[in-house]
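This report refers to the structure that appears directly beneath it.
The values are calculated or read from the model by the stated rules, or taken from the named source; none is laboratory data. No experiment lies behind these values; they were computed from the predicted model shown. Methodologically, a virtual Cβ is constructed for each residue, glycine included, from the backbone with ideal geometry; neighbour enumeration extends over all protein chains shown.
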Amino acid sequence: MHKTTIGKITDVEYKHNSELYPYDPTKTDIDIRENPYSIYELLRRYKDGRIVANPELQKKSWTTPKKSYFIETVILGFPLSPFYVSQTREGKLIIIDGLQRMSALMEFTADKFNLTRLKALKHLNGKYFSDLKKMPGAYQVKIEDRKVMLYVLKPSTDMIVINDLLRRVNIGGKALNETELQTIIEIGLRESEESLKKEKL
């Protein structure tokens, strides 16, 4: 049987130990922390490389109307789904769930698309992020000050636990498979290592 490595556990071991759910929660290190960030801080950490998000790894990119709907939700102050990130041993955070939302925030605050098909805030249709500063309503401030929750999986968290977590938070949707998750984390680690090398030069 083909044998591939998933974190510390191979798929052969995964099948062999499937009676343990497929891992034993009583003997597995599940270290998840909650860290709230403002969107301003979230984007600042992305820009300086402390948060890694690779939009190319998204299963499917959001359309502009869907991105706009998300931005409208942010402005309205409705509850937002948390981000799930994997922390590297260097302390960088790799986004493993929430790439579409992160992309929408990055692109809108960089004026890469304007709001469209809004239902609740129709007067903002056609507006870019830079336009909001000129308008009454403090819309830019509402976006930047909005708090989002990051669930941080520490470096000790096994890949198989991360997969289980993502399946649970994606009930009703389609979670990443092992290969896609491994690719995201490997790319994040590689980008983290490359940035560290540049810092030493």
Within region 41-48, identify whether any single residue is buried (at least 18 other Cβ atoms within 10 Å of the Cβ), modelled with pLDDT of 90 or more and aliphatic (A, V, I, L, M), and answer yes or no. yes
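Please indicate, with yes or no, whether at least one residue in region 104-111 is surrounded by fewer than 16 Cβ atoms within 10 Å (Cβ to Cβ) and modelled with pLDDT of 95 or more. Full working, then the answer.
Taking region 104-111 first, the residues surrounded by fewer than 16 Cβ atoms within 10 Å (Cβ to Cβ) are 110-111.
Narrowing further to those that are modelled with pLDDT of 95 or more: 110-111.
Yes: one or more hits.
Which of the residues belonging to region 143-169 are outside any strand (DSSP E or B), under 30 Å from Leu121 (Cα atoms) and in contact with a strand residue (DSSP E or B) (Cβ under 9 Å, 6 or more places away or on another chain)? Full working, then the answer.
Taking region 143-169 as the starting set, the residues that turn out to be outside any strand (DSSP E or B) are 143-146, 154-169.
With the extra rule that they be under 30 Å from Leu121 (Cα atoms), the set shrinks to 143-146, 169.
If the condition is that a residue be outside any strand (DSSP E or B), under 30 Å from Leu121 (Cα atoms) and in contact with a strand residue (DSSP E or B) (Cβ under 9 Å, 6 or more places away or on another chain), then Glu144, Asp145, Arg146, Val169 are the ones that fit.
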